[in-house]
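The values are calculated or read from the model by the stated rules, or taken from the named source; none is laboratory data. Not measured: the values here are computed from a predicted model. Here the Cβ is made from the backbone with ideal geometry for all residues, glycine too, and neighbour counts use every protein chain on show.
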Amino acid sequence: MIKMVIADDEILTLDMLERIIDWTKLGIKIVGKATDGKEALELIHRENPEILLTDIQMPHIGGIELIKMLAQSHPNLKIIILSAYGEFKYAQEAIRYGAVGYLVKPIDEVELEELVELSIRSNQEWIAKEQEATYRKLLMTRNGTPALLQTMESKGIRVLHHYRMFIIQADPISDNDQLLLEDQLSFISERVIHIIGQYMSEHVIPGYMFEFQEKEWICMAEQSDGFGNQIIQLLLAELRFNVVVGVSTLKESLNKLYAAYSEAMDCLSYRFLFSSEHVLEYEELMLSSSDHSYFQEEVYVKVQSLTEEILADPLGKTDWRNKLTSILHETTRHPDGIYSLLFGMLVRLRMKKWEKKNGIDYADIHPVSFEALKKYKTLGDLLDYLEETIQQLGQEYDHFPSHGNELVSKAKDYIQAHYDKQITLESICSHISISKNYFSSLFKKETGMNVWDYLTIVRIEYAKKLLSNTTLKNYEISEQIGYENPSYFTKMFKKLTGVLPQEYRVSHNGGRES
């Protein structure tokens, strides 16, 4: 409940103010009534209310003097002034010192309720900002800061107990989803916070949520069972927006906020192995990997042997990918260990003489660094990169350049045949049997553009034909060429042609609008 003090030198007015509105319905509790300014000041120091409703003319300490004093000692107290007719200049002065507003007696209950609701919203916004600022400070220190927690309590900010941290990160499925996310990031972020916040409010789940950094949101909640999955379902239903959620263990104090964040982030690193999982919980991951050391000696031996197979025939029939996946899943589950192992594997591949051919150093194309490897967030993506490297290094075979042209040609044919559908990089690469990373590099090399630019060109060319030869509406054309969002279609059309779809139609349809 929000606490409120009312002050007026007339007892009848005090009684009227107490009864004029159903304060409980507004979430307000009147914690004290004062008949003079001194008594009001003592009440405020003792009860620390969020709202003060006070007459401007009172004994001992006048309303204006009281407001000036409270501006120093209680800068976030919301003050509503009551004034008699003819005291407008005093009311104006009160506003200058931070009062929310004023009412002229006799009091209109509708106007009073509106000002009180404004005060509540203002107080909630202030608390949210203070809460976020405090959480950010707590996240910067390993051992917590008791003084910060005391400050939170003194400001009326609820301190969480027995909470888990949920780190929510954007997880776009396709490049189209990624483009849409970048284009509407601000709107999406606001909606993510609103949707989850509303669910927590409706289901009375104590907690707090805010955007910590771009495409990453932090939620502290005093609930765990199924909440991570609920977050995913809510965002998918409301925004058709995919996320992955890391969940910490149960914490009993906000002093452990840094530890909770570290655990949840550690969970997200395991997405490297569990690319199909969208909720990763620290307790489950630690339990599943507790009986695995980083890498035993036999693991190195197996990988070294597999590396020799690849070196012997980089474009041959070695099923190295499935063998390597099997080794990694059977022996360890810690991402850092896998990164280290594959880093060593790549270095060994580059040490061979066949890495250079006709003066071209393929190490320049694919520099090896541990940090570069860690940008790949799933095992599948890292294996794609490894496959791409092996195929690049194997270009010493004379037939390979023409083979590359053939693959690009097949990809173009596939795009031409499926431009009106939701094409993904996975669907293209599956059709032509090639890894995603290698295909992207090959397509760029052969065409001078990336695959999404080519898809956009194909779609816009078909849109031009439809605009010139049909009376279809823009949204109908957008659907027919594979864009779900008509606004996005319009944006891309103008980007490529320099004109809006309707302008193009007029100029290519005999000067007539359809």
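Odds and ends about this structure:
- Counting residues in the range 342-356 that are in contact with a Phe, Trp or Tyr (Cβ under 7 Å, 6 or more places away or on another chain), modelled with pLDDT of 65 or more and surrounded by 15 or more Cβ atoms within 10 Å (Cβ to Cβ) gives one or more.
- Taking the range 502-514 as the range and being surrounded by fewer than 16 Cβ atoms within 10 Å (Cβ to Cβ), of a type in the set (D, E, K, R) and either part of a helix (DSSP H, G or I) or at positive phi (or both) as the test, only Glu503 passes.
- Subset of the range 204-231 [within 17 Å of Ala128 (Cβ to Cβ), assigned to a loop (DSSP other than H, G, I, E, B) and among the aliphatic types (A, V, I, L, M)]: Ile205
- Candidate set from the range 76-122 (those that are within 40 Å of the chain's Cα centre (by Cα), of a type in the set (Lys, Arg) and surrounded by fewer than 20 Cβ atoms within 10 Å (Cβ to Cβ)); member that is modelled with the lowest pLDDT: Arg96
- For the range 41-58, the set of residues classified as part of a strand (DSSP E or B) and hydrophobic (A, V, I, L, M, F, W, C) consists of Ile51, Leu52, Leu53, listed by residue number.
- Residue list for the range 59-69, restricted to those being surrounded by fewer than 22 Cβ atoms within 10 Å (Cβ to Cβ) and either in a helix (DSSP H, G or I) or β-branched (Val, Ile, Thr) (or both): Ile61, Ile64, Glu65, Lys68, Met69
- The one condition in (1) under 23 Å from Leu179 (Cα atoms); (2) crowded, with 20+ Cβ neighbours inside 10 Å; (3) under 15 Å from the mean Cα position of the chain (by Cα) that Met220 fails to fulfil: (1)
- For the range 280-297, taking the residues that are out of contact with any helix residue (DSSP H, G or I) (no Cβ under 8 Å at 6 or more places or on another chain) and modelled with pLDDT under 75, the one that is farthest from Leu268 (Cα to Cα) is identified as Glu297.
- Qualifying residue in the range 63-80 (condition: touching a Ser or Thr at 6+ places or on another chain (Cβ under 6 Å) and touching a residue at least 60 places away in the same chain (Cβ under 8 Å)): no
- So Ser487, is it surrounded by fewer than 16 Cβ atoms within 10 Å (Cβ to Cβ) and closer than 17 Å to Leu180 by Cα: yes
- Test: residue in the range 182-203 that is outside any helix (DSSP H, G or I), modelled with pLDDT of 85 or more and touching a helix residue (DSSP H, G or I) at 6+ places or on another chain (Cβ under 8 Å): no
- Taking the range 426-501 as the region of interest, the helices (runs of 4 or more DSSP H) fully inside it that hold 1 or more residues being in contact with a helix residue (DSSP H, G or I) (Cβ under 8 Å, 6 or more places away or on another chain), touching a residue at least 60 places away in the same chain (Cβ under 8 Å) and among the hydrophobic types (A, V, I, L, M, F, W, C) are 451-469.
- Evaluating Lys38 against the criteria (1) within 18 Å of Val110 (Cα to Cα); (2) assigned to a helix (DSSP H, G or I) leaves one unmet condition, (1).
- Residue count for the range 232-280, restricted to those that are assigned to a helix (DSSP H, G or I) and either free of Cβ contacts under 8 Å to residues at least 12 places away in the same chain or polar (S, T, N, Q) (or both): 6
- Selection of the range 365-408 for residues being in contact with an Asp or Glu (Cβ under 9 Å, 6 or more places away or on another chain), in a helix (DSSP H, G or I) and at pLDDT 75 or above yields Leu407, Val408.
- The range 1-58, residues that are surrounded by 22 or more Cβ atoms within 10 Å (Cβ to Cβ) and of a type outside the set (A, V, I, L, M, F, W, C): Asp8, Gly37, Pro49, Glu50, Thr54, Asp55
- Subset of the range 490-514 (residues that are among the β-branched types (Val, Ile, Thr), within 19 Å of Gln178 (Cα to Cα) and at pLDDT below 90): none
- Leading residue by the ranking (modelled with the highest pLDDT) among those in the range 123-155 that are in a loop (DSSP other than H, G, I, E, B) and surrounded by 14 or more Cβ atoms within 10 Å (Cβ to Cβ): Leu139
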